[in-house]
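Here, each number is a calculation from the coordinates, and none is a lab measurement. For clarity, every value in this text was computed on a predicted model and none was experimentally measured. All Cβ positions, even for glycine, are placed from backbone atoms using ideal geometry, and neighbour counts span all protein chains on display.
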Amino acid sequence: MIHLLYGDDDQDICTIIATFCERIGAFSVKSLNSGEAALDWLRTASPDVIVSDYSMPGGMNGMRFLEELRSRGNTTPFIFFSATEDLEVKKEAYREGAFSFICKTPSGKIPIYQLIRAVGWAVARTSPEPGKRQNPGKKVVHETPDP
């Protein structure tokens, strides 16, 4: 089971992502609507991967959330899933340690399969050595159908 933290201020997107991921059967999803709420939740939880929007309300957008995580020594794989297409924002995300940056399309379509595979790869790359425990990321990568 992959434990995923999903941060996005759009409740509809949170619901879609959580529903889809949980239907696959390999995920448990915690959705929160701000970087501040996510940081607070992370004081007592350790997800396998974090997915966050870039543009969130309040004083902490997705980039500030990532920066704060890394400053605390948190190395959990972090994936941006955002409508932001600014190349400079993407470059900064990778400099700050993001695993991936996936753009929601301008038409409003959600590239859910691309996101699921990125999550699977992130978990597969950071899981313990083979034989120590089952690697759920590899299962997700290989069993997620093409759209």
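What FRET efficiency, computed as 1/(1 + (r/R0)^6) with R0 = 25 Å and r the Cβ-Cβ distance, is obtained for T105 and S46, rounded to the nearest 0.05? Taking R0 as 25 Å, the efficiency between T105 and S46 is 0.20. Just so you know, the Cα atoms of region 2-143 work out to an Rg and Dmax of 14.2, 43 Å. Can you give me the Cα centroid spacing of region 69-105 and region 2-57 in angstrom? The distance from the Cα centre of region 69-105 to that of region 2-57 comes to 15 Å. Scattering from the C-alpha atoms of region 73-113 alone, worked out with Debye: what is log10 I(q)/I(0) at q = 0.23, 0.28, 0.34 1/Å? Computed log10 I(q)/I(0) values: -0.77, -0.97, -1.17.
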